[in-house]
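The values are calculated or read from the model by the stated rules, or taken from the named source; none is laboratory data. Bear in mind that the values here come from a model prediction, so they are computed numbers and not experimental data. Quick reminder, even Gly has a Cβ in these numbers, built from the backbone with ideal geometry, and neighbours come from all protein chains shown.
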Amino acid sequence: MATITIDQLIARRVKGGANEAESRTLLAELTAALSGDNLAHALVYNGFATGTQADAFAAAVSVDALIARHMAAGHTEEESRTQLAGLVDAFDGDDFAAALAEDGFATADGARVFVEAGADVAVIETPSCRRCGLVSDIAATGMQADSFRAGVPVQEVFPGMAPEVREILISGTHPACWAQLVG
């Protein structure tokens, strides 16, 4: 299915009798507060989309979907999260969307929807690696970053994240450095 746009979501809700300005505000609030299945269900419940459209939109504005697409091109999760964090720090708006598409995180349409939706991407700076001393930046959602910084255990905040990437968040130690330390 083609990526559904924000304007299409708004138009569907307005066609059902809702106010356009209120719909834009509500959609912004939903995309800032929810992700994945929760976002998809909220979009359907609030009349923005059908189930299929909502699932497609929720996937398009998901940090995990960006990471998965990048990994499918042969990158590790560590490389994907680090590279995405670099893009977050370096670009905004249309330039960010172009960089997402150029670097293989999304299609051009998907990247545009991700940026227009105000999808929540945060950067977590890790501790210095015990071996090489480098600090890494790891991309996550804002909610994940806030929970992690508040002390919620890393495996609860990032249950689907590869253990070696969770280790980077905990100790800063990269997989190659870990292998050299514990040999």
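Scanning segment 158-183 for residues that are touching an Asp or Glu at 6+ places or on another chain (Cβ under 9 Å) and not acidic (Asp, Glu) gives 160, 161, 162, 165, 168, 173, 174, 175, 178. Applying the set (1) buried (at least 16 other Cβ atoms within 10 Å of the Cβ); (2) in a loop (DSSP other than H, G, I, E, B) to residue 135 leaves exactly one unmet item: (1).
Yes/no per residue for (1) over 16 Å from residue 121 (Cα atoms); (2) out of contact with any Lys or Arg (no Cβ under 8 Å at 6 or more places or on another chain):
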residue: 13; (1), (2): yes, yes
residue: 17; (1), (2): yes, yes
residue: 30; (1), (2): no, yes
residue: 47; (1), (2): yes, no
residue: 55; (1), (2): yes, yes
residue: 62; (1), (2): no, yes
residue: 89; (1), (2): no, yes
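The residue that is nearest to residue 76 (Cα to Cα), counting only those in segment 127-183 that are hydroxyl-bearing (Ser, Thr, Tyr) and in contact with a Ser or Thr (Cβ under 7 Å, 6 or more places away or on another chain), is 136.
So that you can scan it fast, the table gives a plain yes or no per residue for (1) more than 30 Å from residue 163 (Cα to Cα); (2) touching a residue at least 40 places away in the same chain (Cβ under 8 Å); (3) surrounded by fewer than 18 Cβ atoms within 10 Å (Cβ to Cβ):
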{"position": "4", "(1), (2), (3)": "yes, yes, no"}
{"position": "9", "(1), (2), (3)": "yes, yes, no"}
{"position": "13", "(1), (2), (3)": "yes, no, no"}
{"position": "23", "(1), (2), (3)": "yes, no, no"}
{"position": "28", "(1), (2), (3)": "yes, yes, yes"}
{"position": "44", "(1), (2), (3)": "yes, no, yes"}
{"position": "58", "(1), (2), (3)": "no, no, no"}
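Scan segment 50-72 for residues that are among the hydroxyl-bearing types (Ser, Thr, Tyr) and more than 11 Å from residue 36 (Cβ to Cβ) and jot them down. Result: 50, 52. The set of residues in segment 169-183 that are in a helix (DSSP H, G or I), out of contact with any Phe, Trp or Tyr (no Cβ under 9 Å at 6 or more places or on another chain) and not polar (S, T, N, Q) comprises 170, 175, 176, 177, 178, 179, 181, 182.
In summary, residue 34 fulfils each of the numbered conditions (1) out of contact with any strand residue (DSSP E or B) (no Cβ under 7 Å at 6 or more places or on another chain); (2) under 22 Å from residue 166 (Cβ atoms) with the single exception of condition (2).
Whether a residue is part of a loop (DSSP other than H, G, I, E, B), in contact (Cβ under 8 Å) with a residue 24 or more places away in the chain and surrounded by fewer than 18 Cβ atoms within 10 Å (Cβ to Cβ) was assessed, and residue 152 does not pass this test. Restricting segment 50-93 to residues that are under 13 Å from residue 114 (Cα atoms) and charged (D, E, K, R) leaves a set whose member that is modelled with the lowest pLDDT is 64. In segment 60-69, the count of residues that are free of Cβ contacts under 8 Å to residues at least 60 places away in the same chain, touching a helix residue (DSSP H, G or I) at 6+ places or on another chain (Cβ under 9 Å), crowded, with 21+ Cβ neighbours inside 10 Å and of a type in the set (Val, Ile, Thr) is one or more.
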